[in-house]
Every structure is written in C-alpha cells, then in structure tokens.
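The values are calculated or read from the model by the stated rules, or taken from the named source; none is laboratory data. Fair warning: this is a prediction, and the values are worked out from it, not measured in the lab. Note that we place each Cβ from the backbone using ideal geometry, even for glycine, and neighbour counts take in every protein chain shown. Calculation scope for accessible area: heavy atoms of the full protein, side chains included, ligands and nucleic acids excluded. Shrake-Rupley method; radii C 1.70, N 1.55, O 1.52, S 1.80 Å.
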Amino acid sequence: MSENAPKSWLLDRPLTGFALPTGRWAKLMGWFMGRGNLAEQREVFDTVAIRTDERVLEVGYGPGILVEYFLRAGATVSGVDPSPDMREMATARARKVVHSADVDLRVGTAEATTFPDETFDAVVSVNNVPMWSSLEAGFAELHRVLRPGGRLVVAWHGGTQPTRLAKGLALPEDVLDRIVDAMRDVFGDGERQRLGQVEVFRATRTAGG
Ligand SMILES: C[S@@+](CC[C@H](N)C(=O)[O-])C[C@H]1O[C@@H](n2cnc3c(N)ncnc32)[C@H](O)[C@@H]1O
C-alpha cells in the first residue's frame, strides 16, 4: 500500500477494500455493493426527492446505482469518486439510460470535486462520509458547489431496520454527532434523522451563505 494513499478522518489510516475499490477485485466489490446496498439507495433516492431538470452531484457513486435512478428521474447527473474502476462501472451503467455526453462522472473526492461554484441543486453522498480525509474540507467543498437554496443529503448505513451487514457498519452516537456538528459549522444549520435503512444528515445552503 502506498504511503500516499488517502486517509480517513475517522480511522486515520489509508483507505482499502470497499472504502476505495481499486485493482483486481474492484469490479467484484462494486457488484457486491450494488446488490448489498440496494434498499439504502432506494431510500436515499426517495428522501432526496429529485425533480426533473434538477442538477445533482453524487459524491462517492461507487457502481452507480443511484446515478441510474437520478437519470431515470430526468435529472442532470454529475459525480465524483476517487476510484477509476468505479468510474468505469458507473459510466457503463449510466450509458444504459443516456448518451455518455449527458452524464459527467469524474474521478474526484468530496473534498475536491473540481466543479465550479454554485453548480448544483442537490448534492448527495451515500456510504462514504467516514472515508473523507477531512469532514471540514468535505462539507466546505460541498457547500461551495451547491447553489444558494440547494440541499445536501449525506447518508450512512444504519437506520431503524438495518440489514445484518449494515448493522455491523453502523457508527456510534459520538461519531454521528461529530458529523452533524461539522455540517452545522459549515452550513449554519442541519439535521440528523434515522430512516429505515440509513442515518441521514441534511442541510440547505442559505441564500446569503
Ligand atoms: C462503500 S462504497 C459506497 C458506494 C455507493 N455510494 C453505495 O452506497 O453503494 C464507498 C465509495 O466511496 C468512494 N470514496 C472513498 N473516498 C472518498 C472521498 N474522499 N470522497 C468521495 N468518495 C470517496 C469509494 O471509492 C467508493 O466508491
């Protein structure tokens, strides 16, 4: 493992495996994530309530299940994920719905998306907030690319009825509190909610913010 591999703010060690699928087993990991996290993606899709013609950024799109849902809903979809293998997988999935020119999936991170200021109506991150190198840098960047009035939805495994796999990945209360506190520091407000399959954090970029 390279000394330069990105580190998680939570674990303070380089990302491996499902946290950053690369190399020989990346596509297999992507396939497993796609199957295993399906109910979570559906729940997040419903909670984001994307409208036709909205511009949405998905952070950490993995194999691209949610990208496909957003495209089928008529949204304009962009995304960032640090794994080139996930980019390939998600792009292939997106091509089932639109021409490749109509979806902009980039290699990038929550902390450095490469998109211009105030671009998106909604920014969504599912099952990757503990993998960011810095909570503060991640929220600041996602605030920057949201238009005033735009909404952020960040989700992580958990909820009131998690699958057996997700139960093992649920985060302790003090860590969930750290996430919502960091979000409020940047957005000025924000809430945490326990849904059926995921723990969700939401904030809106204020008009003057
Ligand atoms: C566990 S997978 C989740 C994939 C998908 N969102 C899901 O819920 O099935 C984590 C994903 O986050 C990506 N990731 C890792 N570090 C990231 C970062 N700093 N910013 C954005 N995405 C990141 C990984 O490459 C991987 O695709």
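When the alpha carbon coordinates of region 10-113 are projected onto the principal axes, the ranges are 39, 28, 27 Å, largest first. Of the trypsin sites (Lys or Arg not before Pro) in region 52-126, the ones in a loop by DSSP (not H, G, I, E or B) with at most 10 other beta carbons within 10 Å are 96. Taking only the Cα atoms of region 135-209, the radius of gyration and Dmax are 13.1, 43 Å.
Just need the relative contact order of the chain here, percent rounded to a whole number, with Cα pairs under 8 Å and 6+ apart.
Working: 425 pairs, mean separation 39.0, N = 209.
Relative contact order here is 19 percent.
Hey, can you find the accessible area per residue of region 55-144 for me, probe 1.4 Å, expressed in square angstrom? Solvent-accessible surface per residue comes out at 36 Å².
Other residues with beta-carbon under 12 Å from the beta-carbon of residue 133 carry, at +1 per Lys or Arg and -1 per Asp or Glu, a net charge of -2.
Most simply put, region 17-204 has about 35% antiparallel DSSP beta bridges, counting only bridges with both residues inside it. Based on every Cα atom in region 17-204, Rg and the maximum pairwise Cα distance Dmax equal 15.1, 44 Å.
Using a 1.4 Å probe on the protein heavy atoms, what percent of the accessible area of the chain belongs to carbon and sulfur? Walk me through the numbers on the way to the answer.
Working: 5070 of 9970 Å².
That share works out to 51 percent.
Computed from the C-beta positions of residue 164 and residue 46 and an R0 of 22 Å, the FRET efficiency is 0.45 to the nearest 0.05.
Normalised by the number of residues in region 74-186, what is the relative contact order in percent for Cα pairs under 8 Å and 6+ residues apart?
Details: 133 pairs, mean separation 25.6, N = 113.
Reported relative contact order: 23 percent.
Let me know the longest stretch in the chain that avoids all GluC sites (Glu not before Pro) found in a DSSP loop with at most 16 other C-beta atoms within 10 Å. Free of exposed loop sites, the longest segment is 4-117.
As a test of the formula, what do you get for the chain when each DSSP H run with n ≥ 4 contributes -39,500 (n - 2.57) and the sum is divided by the residue count, at 222 nm and rounded to the nearest 500 deg cm²/dmol? Please report the intermediate quantities before stating the final value.
Numbers: 7 runs with 73 residues, N = 209.
After summing the helix terms and dividing by residue count, I get -10500 deg cm²/dmol.
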